[in-house]
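Encoded as structure tokens, the structure appears first; notes follow it.
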Amino acid sequence: MGLVPQLSEPEKPFNWFRECYTEATVLFSRQSTLDDLDGPETVPKTSERARPRLRKMFSMDMSSSSADSGSLASSEPTQCTMLYSRQGTTETIAEVEAEQDDEAVAKDADQGGEEAADLGPEEASEAGLTPDAELPHYSTEDGDVEAPPSYSKAVSFERLSFCSRDDSAGQSHMAVSPDESRSDRLESSILPPLTHELTASELLLNKMFHDDELEESEKFYVGQPRFLLLFYAMYNTLVARSEMVCYFGIILNHMVSASMITLVLPILIFLWAMLSVPRPSRRFWMMAIVYTEVAIVVKYFFQFGFFPWNKNVELNKDKPFHPPNIIGVEKKEGYVLYDLIQLLALFFHRSILKCHGLWDEDDITDSGTDKEESDDELSLSRGRRASSDSLKSINLAASAESVHVSFPEQPTAIRRKRSGSSSQISPRSSFSSNRSKRGSTSTRNSSQKGSSVLSIKQKSKRELYMEKLQEHLIKAKAFTIKKTLQIYVPIRQFFYNLIHPDYSAVTDVYVLMFLADTVDFVIIVFGFWAFGKHSAAADITSSLSEDQVPGPFLVMVLIQFGTMVVDRALYLRKTVLGKVIFQVILVFGIHFWMFFILPGVTERKFSQNLVAQLWYFVKCVYFGLSAYQIRCGYPTRVLGNFLTKSYNYVNLFLFQGFRLVPFLTELRAVMDWVWTDTTLSLSSWICVEDIYAHIFILKCWRESEKRYPQPRGQKKKKVVKYGMGGMIIVLLICIVWFPLLFMSLIKSVAGVINQPLDVSVTITLGGYQPIFTMSAQQSQLKVMDQPKFNKFMKAFSRDTGAMQFLENYEKEDITVAELEGNSNSLWTISPPSKQKMISELTDPNSSFSVVFSWSIQRNMSLGAKAEIATDKLSFPLKNTTREHIAKMIAGNNTESSRTPVTIEKIYPYYVKAPSDSNSKPIKQLLSENNFMNITIILSRDNTTKSNSEWWVLNLTGNRIYNQHAQALELVVFNDKVSPPSLGFLAGYGIMGLYASVVLVIGKFVREFFSGISHSIMFEELPNVDRILKLCTDIFLVRETGELELEEDLYAKLIFLYRSPETMIKWTREKTN
């Protein structure tokens, strides 16, 4: 293939050079250096450069396929270069209709061809032209060679010429000429030096080429409705991230199905697809598509009812380890819905790859490829490398308008490829024929030798069978080893290339991985009940309040925390190999635990466990980020905290919140010291971290002062004073009076009514067997209605003490207990005890008392401190009352035994039931602070011979319910209890809150208002940039391994803080 230089116009001082390539146009930029230029030139902006137009030029190719031929061949000009817009629909070539210009260009091409024909090889090399042998040839046959060099990059030229050539055809040139209609065209023909290259999309976005149709298209799309533009943007986002859509569909399908059939693809995503560089290969997508189709067919096949497990579907559908359920072939509604969605996403991604030409990319070449193809590729690569080296030697310091690039058509390359391959195959075929001849000769000799041996000794059939069996075993062993190596070697090579990449675009997504782990940690803490057996209704707060640590909760928390620590260690050591091993172990371990162990622990399917599904989805996000970190590689330098990258209020408050978390700052500092190479001791390391944190906080405040400066001599605005100062005043007042406000509001506003469940009363005489026992429950416990409550309040309207007590209660807080007058148990006392009791009652010198006790039972779950509130009262009996009771017990006198005995002032009609266990009578509501009277009588069963005895009591005076019934009545005032969520604070009481909360907060507040004078030297630093840079320098030299320099810089930092004068010099404001 010859080279045809095209001569430019006479006034142009530079030559035009054209190089021929197959199916590609290589555009060379003008590589100018300071040695080529006499003086510096200013680079114009992209908008100020001339925007060239494209026009067609026709010229004759003076070269021929043979080196000796000088004949000219002409044919119809063909158009070879087409520039497409971003939509790929509109041709942007503006053809010139003037035939005179075309003929002039053709004449120039003819003259250039003649001069090129006259040039010899040496002259051509001196002119910077490359010989034909150095240029690589490309074939369009599928699979022959790899794709030609990319022509997606170009630079802006004043004039570009594209031409296509055929062996027997003419030449068609596409020239890029400047837009003469623009007024901002550059006067000089030489462009300023361009030190960067622009892609095709950048050329279009920067308006490098002027095209009316593109501008009209942009105006059309800008004028569309916002909703339609939003739809376009969402669709473009979907197209740009179509592989993420496939990953999401596969993970969603596995979360819903949770079977062994759907388990394969998620594991392959995290261990193959996401680890592939630069993108998953076609083999993976084809495997995913075929696997999904096979899974759909298998699921459809097992939906028929003649299978045994499909007869009792309702019985076995909730069993996690039922074989059809764990395999994924159970009969259910919508069995392939998510599989079809997954398949649709895969086909959508496949169409996107085909549209962009990425579907037909060559996969990793197999180890069994033909040696001839490898030799061809080797020779091709050598030719391309030699041609590229020769092309670099061309002096392209000429004007941009002097560059012409041409490439040949396809048939020549195809013919040359075929001829070359045939010439290469012929020696190989002769060699193989010779080898076959030698092989046949050796075979013939061996057969003759074998026949002679057979003639000497005949082998038995068993020996022949054993030899054949041994041969088959050897072949089977070789076949097994071959297949194993075919599987093992690519996998090993894949991970080896991953750990030892040729190039690495390092990135840092550790912060996102840490956030994903933190979210998983929160899910475990607040949803641990989903990971245990028979604990669906458990609560972590109730379990911890009972000093019980659930086993599943403890295991999951420790495992999650351990993975976070290991991830931090790998990040600090920057070991990609360790991260790959950790990723493989974690992927297999998490999937095995979530889908095989967890269903057995919880005894329910994974698809029915919403919390476990949420945890698994967040874990999949973590796996994706880890794969991205492995694929890109760890950053070479880890400097400081991610919150200290910028200096503003958001980073300031987030960083201070980070430091307030207990043990987090200390744990991070110790872990960084353990897994980072340094010469500093642990105390020195912590000292540097503390100085850096303090300087960062000061830097944020200084930057805020620069953004919002305060003019000198101007008083503070009232908005600032009342906004900040007023808020602090209110906050301090609330802290001081917090216990009183809290205890008052928690009972009146957020209090819960805790009505009694059981009210019991017991009366005992002198320590003997109780004479009366009765309890009221359910219907016997009545709540006042509004009329009775108004009547009750009206009765105490004139009593100030009573009204002060009653204003804290509402009608729902008052319960009236109706106690039956007859005791619910017989008076079972032995005769000797009865005689002794009678003697004590009749003896005026002995003391004898009556004991009245009661108990009130509440609902403990509503927030009460104690379940039962009790109390008892003891009253001495008068002598007359004792005599009447003794006669009643003796039963000698019939009249006295039937007459009730009145016991005065022993019955507390109003009692209070607080949240604790101490119930007290309410004397404010009793007239003259006296208790009420009751009457007692001992009843005997005379109709039978059992001689049963029991006591009957009756309350004298006014009652709320059943005024004339023979019964007792007790009015209970129930205190409201705090909600269970605030019970931990309300349980301390007012004095407890003052001692534990107010004083502790006051101590911290006092630290902000005292001791400021001791920290002025380190707090009031006008400019902390130099100290901040010194800290970052320490981090930098530590990462680069300059440990001696780290020691020197640390000593410099310590000396700076020990020398106030040096600190003043270092923190002065920078002056111009």
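The values are calculated or read from the model by the stated rules, or taken from the named source; none is laboratory data. Everything quoted here is computed from the prediction, not taken from an experiment. Cβ coordinates were reconstructed from backbone atoms using ideal geometry, including for glycine residues, and neighbour counts include every protein chain displayed. When the accessible area is computed, the model is the full protein with side chains, heavy atoms only, and any ligands, DNA or RNA have been set aside. Shrake-Rupley method; radii C 1.70, N 1.55, O 1.52, S 1.80 Å.
Being touching a residue at least 40 places away in the same chain (Cβ under 8 Å) and either polar (S, T, N, Q) or open to solvent by 40 Å² or more (accessible area, probe 1.4 Å) (or both) is the filter here, so list the residues in segment 292-301 that pass it.
If the condition is that a residue be touching a residue at least 40 places away in the same chain (Cβ under 8 Å) and either polar (S, T, N, Q) or open to solvent by 40 Å² or more (accessible area, probe 1.4 Å) (or both), then Thr292, Glu293 are the ones that fit.
For segment 515-554: of the residues being surrounded by fewer than 14 Cβ atoms within 10 Å (Cβ to Cβ) and β-branched (Val, Ile, Thr), which is modelled with the lowest pLDDT?
In the first step, residues of segment 515-554 are kept if they are surrounded by fewer than 14 Cβ atoms within 10 Å (Cβ to Cβ); the result is 518, 522, 525-526, 533-534, 536-537, 539, 541-542, 544-549, 551, 554.
Now narrow it down to the ones that are β-branched (Val, Ile, Thr): 518, 522, 525, 541, 549.
On the way: Thr518: 93, Val522: 91, Val525: 86, Thr541: 60, Val549: 68.
Looking at the filtered set, the residue picked out is Thr541.
Of all helices (runs of 4 or more DSSP H) completely enclosed by segment 824-931, which ones contain at least 2 residues that are at pLDDT 80 or above? Before you say what the answer is, go through the steps one by one.
On the way: elements: 831-842, 879-890, 894-898.
In segment 824-931, the matching helices (runs of 4 or more DSSP H) lie at 831-842, 879-890.
Residues checked against (1) touching a Leu at 6+ places or on another chain (Cβ under 6 Å); (2) of a type outside the set (A, V, I, L, M, F, W, C); (3) surrounded by 16 or more Cβ atoms within 10 Å (Cβ to Cβ):
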position: Ser839; (1), (2), (3): no, yes, no
position: Thr842; (1), (2), (3): no, yes, yes
position: Gln857; (1), (2), (3): yes, yes, yes
position: Ala864; (1), (2), (3): no, no, yes
position: Thr881; (1), (2), (3): no, yes, yes
position: His884; (1), (2), (3): no, yes, yes
position: Ile903; (1), (2), (3): no, no, yes
position: Tyr910; (1), (2), (3): yes, yes, yes
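If you go through segment 860-903, how many residues are polar (S, T, N, Q), touching a residue at least 12 places away in the same chain (Cβ under 8 Å) and more than 16 Å from Ser919 (Cβ to Cβ)? I'd like the intermediate steps shown before the answer.
In the first step, residues of segment 860-903 are kept if they are polar (S, T, N, Q); the result is 861, 870, 874, 879-881, 892-894, 896-897, 899, 902.
Filter once more, keeping what is touching a residue at least 12 places away in the same chain (Cβ under 8 Å): 861, 870, 874, 879, 881, 896-897, 899, 902.
Filter once more, keeping what is more than 16 Å from Ser919 (Cβ to Cβ): 861, 879, 881, 896-897, 899, 902.
Here the count works out to 7.
Check Val601 against each of (1) over 26 Å from Leu572 (Cα atoms); (2) aliphatic (A, V, I, L, M); (3) open to solvent by less than 10 Å² (accessible area, probe 1.4 Å) and name the one condition it does not meet.
Of everything listed in (1) over 26 Å from Leu572 (Cα atoms); (2) aliphatic (A, V, I, L, M); (3) open to solvent by less than 10 Å² (accessible area, probe 1.4 Å), Val601 misses just condition (3).
Let me confirm something: among Phe606, Phe617, Phe595, Phe623, which residue is more than 13 Å from Tyr510 (Cα to Cα) and within 14 Å of the chain's Cα centre (by Cα)?
Phe617
For segment 827-836, state whether one or more residues are more than 60 Å from the chain's Cα centre (by Cα), more than 24 Å from Phe931 (Cβ to Cβ), surrounded by 13 or more Cβ atoms within 10 Å (Cβ to Cβ) and in contact (Cβ under 8 Å) with a residue 12 or more places away in the chain.
yes
Residues that are assigned to a helix (DSSP H, G or I), open to solvent by 60 Å² or more (accessible area, probe 1.4 Å) and among the basic types (Lys, Arg): does segment 623-643 have at least one?
Step one: filter segment 623-643 for residues assigned to a helix (DSSP H, G or I), giving 623-632, 642-643.
After this cut, where a residue has to be open to solvent by 60 Å² or more (accessible area, probe 1.4 Å) as well, the list is 628, 631, 642.
Among the residues that remain, those that are also among the basic types (Lys, Arg) are: 631.
Yes, because at least one residue in segment 623-643 is assigned to a helix (DSSP H, G or I), open to solvent by 60 Å² or more (accessible area, probe 1.4 Å) and among the basic types (Lys, Arg).
Answer with yes or no whether Val489 is in a helix (DSSP H, G or I), touching a helix residue (DSSP H, G or I) at 6+ places or on another chain (Cβ under 9 Å) and open to solvent by less than 80 Å² (accessible area, probe 1.4 Å).
Working: in a helix (DSSP H, G or I): yes; touching a helix residue (DSSP H, G or I) at 6+ places or on another chain (Cβ under 9 Å): no; open to solvent by less than 80 Å² (accessible area, probe 1.4 Å): yes.
No: the conditions fail for Val489.
Quick check: is even one residue across segment 934-941 modelled with pLDDT under 85, among the hydrophobic types (A, V, I, L, M, F, W, C) and touching a strand residue (DSSP E or B) at 6+ places or on another chain (Cβ under 9 Å)?
No, every residue in segment 934-941 fails to be modelled with pLDDT under 85, among the hydrophobic types (A, V, I, L, M, F, W, C) and touching a strand residue (DSSP E or B) at 6+ places or on another chain (Cβ under 9 Å).
Can you run down the residue pairs with Cβ atoms below 9 Å, 6 or more apart or on separate chains, where the first is in segment 999-1011 and closer than 17 Å to Phe738 by Cβ and the partner is modelled with pLDDT under 80 and surrounded by 10 or more Cβ atoms within 10 Å (Cβ to Cβ)?
Ile1001/Phe738
Would you say Ile289 is hydrophobic (A, V, I, L, M, F, W, C), open to solvent by less than 80 Å² (accessible area, probe 1.4 Å) and either outside any helix (DSSP H, G or I) or closer than 23 Å to Ser607 by Cα (or both)? I'd like the intermediate steps shown before the answer.
On the way: hydrophobic (A, V, I, L, M, F, W, C): yes; open to solvent by less than 80 Å² (accessible area, probe 1.4 Å): yes; either outside any helix (DSSP H, G or I) or closer than 23 Å to Ser607 by Cα (or both): no.
Judged against the criteria, Ile289 is not a match.
Could you grab me the full set of residues in segment 302-319 that are within 38 Å of the chain's Cα centre (by Cα), at pLDDT 80 or above and either exposed (fewer than 14 other Cβ atoms within 10 Å of the Cβ) or of a type in the set (A, V, I, L, M, F, W, C) (or both)?
Phe302
If I ask for residues that are part of a helix (DSSP H, G or I), without any contact (Cβ under 8 Å) to a residue 40 or more places away in the chain and either of a type in the set (Asp, Glu) or surrounded by fewer than 16 Cβ atoms within 10 Å (Cβ to Cβ) (or both), which ones from segment 268-286 would you list?
Met286
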